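Contents: one structure, followed by commentary.
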Amino acid sequence: MIQKMKSVLVVGPKPDFSQIVDVLYHMGTIHLEEVSEYLQPESGNVRKIMTSSMADIPVILASIEGILLLLPKVKDDSKHSAQLYEEVHHLSTPDVLARAGHVTGVAGEITRNLAIKKSDLEITITGLNRYEKILDKIQPLEQQLPILHGYEVTVLVIQKEYVDVLDIIRPALSDITNNQFELISADLDEQTIAVITVFNKHYSENVHRFLFSKNINEVRIPADYSNMPLDKALLLIDKNRRDARAEKENIDNKLAGASQEWYHELAALQKVLTERGEELSAYNNFGETDYTVMIRGWVPKKLIQKTRDTLNETFQGRVVMTETDATAEMMDRAPIFYDNPRWVRPFEFLMKLASPPQYNEIDPTPLMAIFFPIFFGIIVGDIGYGLLILVAGLFIRFRYGAITWLRQISGILIISSFPAIFFGFIFGEFFGNFGEMMGWIEPVTLFGVTWNRIEAMVPLLILTIAIGVFHVVLGLVIGFINSMTRKNHRHACEKCGMIGVIFCLLLLVGIIIEMIPGVLLIPVIVFLGLTVVLVIYGGGTGGAVEIMGTVGNILSYARLMAIGMASVILAMVANELGGSMDVLALGILIAVLLHTLNLMLAMFSPSIHSVRLHVVEFYSKFYQGGGLPYHPFSSGDKPGLSEGKK
């Protein structure tokens, strides 16, 4: 259901303005609106407060975030963090900015210098690893290389699919170096080959320019390693790498020390500055006179007393919150705050598929919480599948319950599993006809019908159509109530007329199949004509067209039978196919795989079609939507009490 909202005005002395904003922000109960929309300037010389300058906050926050990214995370110390937060929180915004500027200045310079050195060392280590790999691969070719002073060694890495490029490189190097070069190739791995070139340093620039122009991957061995035997070069690389890793480890220790010193304080400053930025961004919603400040908004009725008590306790009566009269136009813009019972809350997740209801509309969430599980249960209708869906819901709840949307989905699955088990008992199904084959269960006989879904297709079709009639008529009744609430009498007439049309059509069907005396035919036709006139009066020609649409909506509920039938048949196929296998293990495997597929379909397909019956067939009879969600001015994600409770 939608919690009743109260329009409130908070008035306090101007010197307390920042503190008033801070208290309201941390309470998180008021949905802000601009004062200027309701208070005229001539009323007490009220003017809008312009947003205070907060250009420094994003800059400082960016610096803090950058430093925190460079520092390693420290062990969580909630007590120390809370103390630092309270210490910083009680400072004025300029003092917080000054403290943050000092800390980021000192910590930033140290961490940046250490981070740069660490990055350089990581690049060095990566390069050394690369050189080691290349030299290790070409070491067997060392004896083929001439030992000449004043010559440069270059390694080219070429994909084997482009090996033909050697036919271009060889003559080009010959021309550039006047044939003063050597070129040796060998496999580097399965995809690449290493090509070693030795040439006079006098031609170095021209050789490298040519290789670059041909987009050839060139690996230059640094001079420190190129003018020595490869085994000595590998030993030197290993030594330099160990030195680099030791220096990197030393830097990591210094960064860890810096993190111990500054991480918690930076995190506290980040949190406080983020809050101050959000508070400052809301300043242009507020109004002021020469001596007072005013804040206007909406508070849920159940939170009014809590908000008033907190303000009185904090400001000792200097700040007053009063409830104000709201016009009908204002109430149309009141935010929507769900406050549903525990068993209804999971279905608020499905309500996100449609826009929020308007404030004066009836909240359909409790109705979805009733009918969705019933529709789900009729479609699934299997004890075995229902038990597995219950287990899946419980697993999601205990494993991922901290994630709001997964917690809501788990709640939907858990609630819906019980109707699935109940209807499974009625239909006599346990993994299809497996329970009946084993003699564990049989379909129940009610009202002279044995509810075996394969054999009772016609009674089941009639049952689902009857459910559709009830559901659609209920939607029209709610639409009538909504129309009367809005004082839209023409729409109320349309809803009444549509209800009359449905009952007249049902009576005509009863007369045709001789369940109702034929003497009522003429009165029913006359009444049908009157109800059609009522529909056209309320909805115009569109209302007449809607009559056929409503009949189609009712027939759509036959999907409850049809989709459930498909699930039964697939379960029976799994049992029959598994039982027909000569090898027991193979038969069990086939049955388990098909039942697993059917179970996955049993969780998703019934959900989709149950939602469709609500959103398309049911909501279209009364639901307008377009409401404004309740978003309190708060320090955290507080979309409403319903989502805050578990």
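The values are calculated or read from the model by the stated rules, or taken from the named source; none is laboratory data. Values in this document were obtained by computation on a predicted structure and should not be read as measured data. Please note: Cβ atoms are built from the backbone with ideal geometry, for glycine as well, and neighbour counts cover all protein chains shown.
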| said: Test of understanding: among ILE481, ILE511, ILE502, which residue is in a helix (DSSP H, G or I) and over 23 Å from ALA558 (Cα atoms)? | reply: ILE481
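Looking at GLU65, GLU42, which is the one that is at pLDDT below 80 and at negative phi?
Working: GLU65 fails: at pLDDT below 80.
Residue meeting the stated conditions: GLU42.
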| remark: A careful count of residues in the range 572-618 that are farther than 30 Å from LEU367 by Cβ and not polar (S, T, N, Q) gives 23
| query | Taking helices (runs of 4 or more DSSP H) that do not extend beyond the range 333-423, which have at least 1 residues that are at pLDDT below 95 and under 27 Å from TRP440 (Cα atoms)? | reply | 365-380, 383-400
| task | Could you tell me whether the range 561-570 includes any residue that is more than 35 Å from the chain's Cα centre (by Cα) and of a type in the set (A, V, I, L, M)? | result | yes
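Condition test on THR274, is it within 30 Å of VAL103 (Cβ to Cβ) and either among the aromatic types (Phe, Trp, Tyr) or modelled with pLDDT of 85 or more (or both)?
yes
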| message | Of all residues being touching a Ser or Thr at 6+ places or on another chain (Cβ under 9 Å) and at pLDDT 90 or above in the range 502-549, which is farthest from LEU474 (Cα to Cα)? Just the residue, please. | response | CYS504
| query | Mind checking which residues of the range 424-443 are assigned to a helix (DSSP H, G or I) and at pLDDT 90 or above? | reply | GLY424, PHE425, ILE426, PHE427
| query | Taking the range 445-461 on its own, how many of its residues are of a type in the set (A, V, I, L, M, F, W, C), surrounded by fewer than 14 Cβ atoms within 10 Å (Cβ to Cβ) and free of Cβ contacts under 8 Å to residues at least 60 places away in the same chain? | reply | 3
| message | Looking at the range 386-424 only, could you name the residues that are more than 23 Å from SER567 (Cα to Cα), free of Cβ contacts under 8 Å to residues at least 12 places away in the same chain and either of a type in the set (A, V, I, L, M) or not assigned by TED's automatic domain parsing to the domain that holds PHE376 (or both)? | response | ALA402, ILE403, LEU406
| Yes/no for GLY587 being without any contact (Cβ under 8 Å) to a residue 40 or more places away in the chain and not charged (D, E, K, R) | yes
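Does VAL469 fit the bill of being part of a helix (DSSP H, G or I), out of contact with any Lys or Arg (no Cβ under 6 Å at 6 or more places or on another chain) and loosely packed, with under 14 Cβ neighbours inside 10 Å? Spell out how you get there, then give the answer.
Values: part of a helix (DSSP H, G or I): yes; out of contact with any Lys or Arg (no Cβ under 6 Å at 6 or more places or on another chain): yes; loosely packed, with under 14 Cβ neighbours inside 10 Å: no.
It is false that VAL469 is part of a helix (DSSP H, G or I), out of contact with any Lys or Arg (no Cβ under 6 Å at 6 or more places or on another chain) and loosely packed, with under 14 Cβ neighbours inside 10 Å.
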| request: Considering each residue of the range 317-360, count those that are small (Gly, Ala, Ser), over 19 Å from the mean Cα position of the chain (by Cα) and within 27 Å of THR404 (Cα to Cα), and give that number. | output: 1
| query | Which pairs do you get when a residue that is closer than 17 Å to GLU218 by Cα, found in the range 158-186, comes within reach of a residue that is part of a helix (DSSP H, G or I) and modelled with pLDDT under 80, reach meaning Cβ atoms under 6 angstrom, with the pair 6+ apart or on two chains? | reply | ILE184/LEU141; ILE184/GLN144; ALA186/LEU141
